[in-house]
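*Asks:* Pasting a structure here, questions to come.
Readers should treat all values here as calculations from the given coordinates under stated rules, not as data from a laboratory. Given the structure is predicted, the values throughout are model-derived calculations rather than measurements. Virtual Cβ from ideal backbone geometry, glycine too; neighbours counted across all protein chains shown.
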Amino acid sequence: MVAKGRQGNLPAEVSSLVGRHREVVEVRRLLSAARLVTLTGVGGVGKTRLAVRVAEQVRRAFVDGVWFVELAALQDSALLARTVADALGICDHSARLPLAALAESLSGKQLLLVLDNCEHVLEGCAELVAASLAAAPGVRVLATSRHALRCEGEHIFPVSPLPLPDLRYGLVDGELERNEAMSLFVQRARAVAPTLRVDAGSRAAIARICHRLDGLPLAIEMAAVRVRVLTPEQILRRLDDRFQLFGGG
């Protein structure tokens, strides 16, 4: 059975989620109507952060908790059911197959299972999700993956990069505050350099950095922390060699 006395193991957010208000609302709506929602998108687009935020907001709807299972390091599908069981605190010493034991343990539970980075064990995840949902009507699954699980009843939500500022006519007043990609850069930059001042020149450089990094949150965050030693203008110039910018240090 799922460990008693615990209401889940959702990781705490160590930094604020910038933007994504529309996405959070839409994923919550999907999750209220569907038992399996998969967030898809390229690496670094923010699927995990979005899933954690949604799970945090809906956790009160699940009396048996919200459970987060990180699968990025898992390469063997044969270990998948045991990995999920361990995350949920399920102890089974019988001779049953791990998947059968997991499905039986989930029966009668009302919980949300967050499976993160499913693409490494896609077929195994599809099998596990199908068995779990069939055995436990009160269980819902929120998955993140670069590819869909292709399970019956799956609702897919593509996660797009952050909106980019329009550079065609120059930046307008308030663009820094309104644009999510630029806001993310400045927030993460000021976390490591609180005295950072953004003037017209650096604002234009930040906008171009966000464009060069295709609005990918992870890449923007990695670039932003470089303001400890570089100005936004210097970061932009060094993006000609991304390995030079992101490698080492």
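*Asks:* Using Cα pairs closer than 8 Å and at least 6 residues apart in sequence, work out the relative contact order for the chain, in percent.
*Replies:* Value for the chain: 22 percent.
*Asks:* I've got another one for you. About its Cα centre, what dipole magnitude does region 110-235 give when the only charges are +1 on Lys and Arg Cβ and -1 on Asp and Glu Cβ, stated in debye to the nearest 20?
*Replies:* For this selection, approximately 500 debye.
*Asks:* Where in the chain is the longest stretch that carries no trypsin sites (Lys or Arg not before Pro) classed as loop by DSSP and with at most 10 other Cβ atoms within 10 Å?
*Replies:* It runs 5-167.
*Asks:* What is the magnitude of the charge dipole of region 1-160 about its Cα centre, with +1 placed on the Cβ of each Lys and Arg, -1 on the Cβ of each Asp and Glu, and no other charges, expressed in debye to the nearest 20?
*Replies:* Value, rounded to 20: 580 debye.
*Asks:* For region 108-155, what does the relative contact order come out to in percent, with C-alpha contacts under 8 Å and a separation of six or more?
*Replies:* Computed value for region 108-155: 53 percent relative contact order.
*Asks:* A further question on this structure: Rounded to the nearest 500, what is the 222 nm mean residue ellipticity of the chain from helices alone, with -39500 (n - 2.57) per DSSP H run of 4+ residues and division by all residues?
*Replies:* Taken over the chain, the calculation gives -12500 deg cm²/dmol.
*Asks:* Also, I was wondering about something else. Stokes-Einstein D for region 124-213 at 37 °C, 0.692 mPa s, Kirkwood Rh over Cα pairs, in µm²/s?
*Replies:* It comes out at roughly 198 µm²/s.
*Asks:* Hey, can you grab everything whose amide H is under 5 Å from the amide H of Leu36? Only 5+ residues off in sequence or another chain; H modelled, so Pro and N-termini drop out.
*Replies:* Here Val141, His155 satisfy the definition.
*Asks:* Return the unpartnered cysteines for the chain, using a Cβ-Cβ cut-off of under 4.7 Å.
*Replies:* If one checks each Cβ against the other cysteines of the chain, Cys91, Cys151, Cys210 turn up with nothing under 4.7 Å.
*Asks:* If eta is 0.890 mPa s and T is 25 °C, what Stokes-Einstein diffusion coefficient results for region 1-92, Kirkwood Rh from Cα pairs, in µm²/s?
*Replies:* Using the Kirkwood radius from Cα pairs, D works out to 166 µm²/s.
*Asks:* Report, in degrees rounded to the nearest 10, the 0 to 90 angle that the Cα long axis of helix 122-135 makes with the longest principal axis of the chain.
*Replies:* With rounding to tens, the tilt is 50 degrees.
*Asks:* Rounded to the nearest angstrom and ordered from largest down, what semi-axes does the equivalent ellipsoid of the chain get from its C-alpha gyration tensor (root of 5λ)?
*Replies:* Ellipsoid semi-axes (Å, largest first): 40, 18, 16.
*Asks:* Of all the stretches in the chain, which is the longest one without any exposed loop site, taking GluC sites (Glu not before Pro) in a DSSP loop (any state but H, G, I, E, B) with at most 12 other Cβ atoms within 10 Å?
*Replies:* 14-151
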